[in-house]
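To keep things clear, I will list the structure first and then write my remarks on it.
The values are calculated or read from the model by the stated rules, or taken from the named source; none is laboratory data. Not measured: the values here are computed from a predicted model. We place every Cβ from the backbone using ideal geometry, glycine too, and count neighbours over all the protein chains shown. Accessible surface is based on the protein model in full, side chains and every heavy atom, while ligands, DNA and RNA are left aside. Shrake-Rupley method; radii C 1.70, N 1.55, O 1.52, S 1.80 Å.
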Amino acid sequence: MTKRYVSLPDEAETAMREFIDEVDRRLSSDEDTCSVVEDVLIDLSGDRDAYERWQGGESVSPAERVRLQSYDPCNTTLESEYYAEKDEERFRRSKHLQWLWRQFDSLPIADNVEFALRFRRMLADHLFADCGENCRFFKGISFTYGHNITIGDNAVVHDDAHLDDRGKLTIGDRVSISDGVHVYSHDHDVVDQTTVRNYHTIIEDDARVTYDSMVRAGNRVGENAIVGARAVVQNDVPAHHIVVGMPAKSVKIKPGWESAATPIDEAGVNRQTERRIEYDLPDDLEVFDEFGRDLDRP
């Protein structure tokens, strides 16, 4: 390992642990999650005095009122909130936690790497379906819901990655997801883009998905495989293979793994349909076409 060990001064370490443990305790309790998120964001933003003045009936400007109201996730919306097929009960809590994660990342304190890694790791325990030990989550990561993500031990997700769990996303042990990666679990019909299909996307143990690459919905990146920079994965990537390009194609098997790997000329199989996740919409769901189009055609 080429990295060196870095530690915080004792006083900073103690304060950090106390704060993270306190937020973890409150999120694990029966306390209303909205209230916990609101309190944490007000204090981290240094806006407690303004909030107390507003709550005390003092006059605030419209801009101040919007800012202060937005610390409470119940007064906000996320893009995924509009998705017709979402699980309303599960989303209700994950929305609040996702709001805390996103707003935390927008604060200057999120650049304190040691603190931020531990804070996000704690949030992941509450937000994801399951999160393993010693995972590291860097700045600017986004999710669809969060509650459809399972991630194994010692995984790392770098800056500005997007983990789409509109369907289901499974990430294995020791997986590395680099900066700017997009991993999808849904796609849209080519004729009517309002028709959404959800899938289970899988990235297996020890895989590396490198800079600015994309894994399309329903594909599997096999164990110990590498997805090259800016590659677009359209098919399953066999274990131990290295894929590059748009669309991604196997160009090499990792040295030493040749006898265990699928031959290169047998790679490139698409099994997306096997991983499709069907869903039903409520009969009384009120829907609208955001594009205002008439899709009837001969």
Original post:
Whose amide H sits under 5 Å from the amide H of VAL221, counting only residues 5 or more places off or on another chain, with H placed in the peptide plane?
Top reply: ILE202, ILE203, GLU204, VAL237
Original post:
Short version: ³J(HN,Hα) in whole Hz for each residue of region 31-38, in order, from phi by Karplus 6.51 cos²θ - 1.76 cosθ + 1.60 (θ = phi - 60°), x for Gly and Pro, what are they?
Top reply: 5, 4, 5, 4, 5, 4, 4, 4
Original post:
Does the chain come out rounded, prolate or oblate by the C-alpha gyration tensor, with a ≥ b ≥ c the root eigenvalues, rounded set by a/c under 1.5 and, if not, prolate when a/b is larger than b/c and oblate if not?
Top reply: oblate
**OP:** Would you work out which of LEU169, HIS240, GLY152 lies farthest towards the positive end of the dipole of region 123-278? Charges go on Cβ: Lys and Arg +1, Asp and Glu -1.
**Re:** HIS240
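If you stretched the chain out fully between ARG53 and THR195, how much longer would it get, using 0.36 nm times the residue separation minus the C-alpha to C-alpha distance? Before the final figure, lay out the partial values.
Values: separation 142, 0.36 × 142 = 51.12 nm, distance 4.72 nm.
Computed gain between ARG53 and THR195 is 46.4 nm.
Given N residues in region 166-298, what is Rg(Cα) / (2.2 N^0.38 Å)? Let's see the in-between values first.
Numbers: Rg = 17.2 Å, N = 133, 2.2 N^0.38 = 14.1 Å.
It is 1.22.
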Original post:
Got a sec? Which residues in region 87-115 would a label at THR14 touch, if it sits 7 Å along Cα→Cβ and we count backbone N under 14 Å?
Top reply: none
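Let me know the shape class of region 222-298, please: from the alpha-carbon gyration tensor, a ≥ b ≥ c as square roots of the eigenvalues, rounded when a/c is under 1.5, otherwise prolate if a/b is greater than b/c, or oblate. Spell out each step's value before the answer.
Values: a/c = 3.48, a/b = 2.56, b/c = 1.36.
The shape class here is prolate.
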Original post:
With every protein chain kept in the model, how would you rank ARG230, ARG118, ARG276 by accessible area, 1.4 Å probe, largest at the top?
Top reply: ARG230, ARG276, ARG118
Subject >> C-alpha long axis of helix 88-105 to longest principal axis of the chain, angle in ° >> reply: 80 degrees
Original post:
If you keep only loop residues by DSSP, which chymotrypsin sites (Phe, Trp or Tyr not before Pro) in region 1-95 have at most 13 other Cβ atoms within 10 Å of their Cβ?
Top reply: TYR5
**OP:** For GLY167, list long-range residues whose amide hydrogen, built 1.01 Å from N in the peptide plane, is under 5 Å from its own amide hydrogen.
**Re:** SER185, HIS186, TYR199
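Determine the percent antiparallel among the DSSP beta bridges restricted to region 210-261, to the nearest 5. Don't jump to the answer; show the numbers that get you there.
Details: 4 of 9 bridges.
Counting only bridges with both partners in region 210-261, antiparallel ones make up about 45 percent.
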Original post:
What is the distance in Å between the Cα centres of region 138-202 and region 75-104?
Top reply: 15 Å
**OP:** For MET16, tell me the accessible area in Å² from a 1.4 Å probe, rounded to the nearest 10.
**Re:** 10 Å²
**OP:** Sticking with the crude label model, points 7 Å out along Cα→Cβ, report the distance from GLU286 to THR273 in nm, one decimal please.
**Re:** 3.8 nm
Original post:
Which whole-percent values make up P(r) of region 37-193 when all C-alpha to C-alpha distances are grouped in 5 Å steps starting at zero?
Top reply: 2, 8, 16, 20, 17, 14, 10, 6, 4, 2, 0
Original post:
When the solvent-accessible surface of protein heavy atoms is calculated with a 1.4 angstrom probe, in what order do TYR211, TYR199 fall, highest first?
Top reply: TYR211, TYR199
Original post:
Along the charge dipole of the chain, which of SER61, ILE277, PRO263 sits closest to the positive end, that is, farthest toward it, with unit charges on the beta carbon of Lys, Arg, Asp and Glu (+1, +1, -1, -1)?
Top reply: PRO263
Subject >> Structure-based [θ]222 nm, the chain - -39500 (n - 2.57) summed over DSSP H runs of at least 4, per residue, nearest 500 >> reply: -8500 deg cm²/dmol
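Would you please classify the overall shape of region 97-151 from the alpha carbon gyration tensor, given that a ≥ b ≥ c denote the square roots of the eigenvalues, rounded means a/c under 1.5, and beyond that prolate means a/b larger than b/c while oblate covers the rest? If you can, show how the numbers build up before the last one.
On the way: a/c = 2.30, a/b = 1.37, b/c = 1.68.
Cα axes put region 97-151 in the oblate bin.
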Subject >> Per residue accessible area in Å² of region 70-150, where ligands, DNA and RNA are left out and the probe is 1.4 Å >> reply: 42 Å²
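Report the relative contact order of the chain, percent, no decimals, based on alpha-carbon pairs under 8 angstrom and at least 6 residues apart.
Numbers: 580 pairs, mean separation 27.7, N = 298.
RCO, the chain: 9 percent.
Looking at the chain, which longest stretch skips every one of the GluC sites (Glu not before Pro) that is in a DSSP loop with at most 10 other Cβ atoms within 10 Å, leaving the sites themselves out? Don't jump to the answer; show the numbers that get you there.
Working: sites that count: GLU58, GLU133, GLU278, GLU286, GLU290.
Within the chain, the longest run free of exposed GluC sites (Glu not before Pro) spans 134-277.
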